[in-house]
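Quick notes on the structure that follows.
The values are calculated or read from the model by the stated rules, or taken from the named source; none is laboratory data. Keep in mind that this is a model prediction, so the values were computed, not measured. Here Cβ is always computed from backbone atoms with ideal geometry, including for glycine, and neighbour counts include all displayed protein chains. Please note that ligands, DNA and RNA were not included when accessible areas were found on the heavy atoms of the full protein model with its side chains. Shrake-Rupley method; radii C 1.70, N 1.55, O 1.52, S 1.80 Å.
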Amino acid sequence: QVQLVESGGGLVQPGGSLRLSCAASGSIFRIYAMGWYRQAPGKQRELVAAIVSGGSTNYADSVKGRFTISRDNAENTVYLQMNNLKPEDTAVYYCNVYPPNNIYWGQGTQVTVSS
């Protein structure tokens, strides 16, 4: 069974950057498409970005051109580089397989964009 642990969140000013990491345990990581999701207060969880095992990616319109998802299969890790952050990016960020499986939701990592 795969376990996922997110890290890298924090408080950043508008226009700043953060890099999130998702460490996956389990040798089957390489065959899964992976996604980053977020949930802002009072809103539903949404897909931010996804990457398939071959490297193809897709992004929510709201983050295109600002966020980059990548994966290191050797390290069983998925990353989300977030640049030019905006207050509306404030949320708890989670990683999961894509499409998501409820058994893999972790604690997430809080990202707060505020001056």
* Asked: Can you find even one residue in region 84-92 that is without any contact (Cβ under 8 Å) to a residue 60 or more places away in the chain, closer than 15 Å to VAL113 by Cβ, charged (D, E, K, R) and open to solvent by less than 20 Å² (accessible area, probe 1.4 Å)?
  -> yes
* Select, from THR90, THR77, THR57, THR109, the only residue that is in contact with a Leu (Cβ under 8 Å, 6 or more places away or on another chain) and of a type in the set (S, T, N, Q). => THR109
* Test set (1) out of contact with any Asp or Glu (no Cβ under 9 Å at 6 or more places or on another chain); (2) without any contact (Cβ under 8 Å) to a residue 40 or more places away in the chain; (3) open to solvent by 20 Å² or more (accessible area, probe 1.4 Å) - GLN81 fails condition number -> (2)
* Only one residue in SER17, SER7 is over 10 Å from the mean Cα position of the chain (by Cα) and hydroxyl-bearing (Ser, Thr, Tyr), so which one is that? -> SER17
* Quick one: in region 26-44, which of the residues that are more than 16 Å from the chain's Cα centre (by Cα) and farther than 19 Å from TYR59 by Cβ is least open to solvent (accessible area, probe 1.4 Å)? -> GLY26
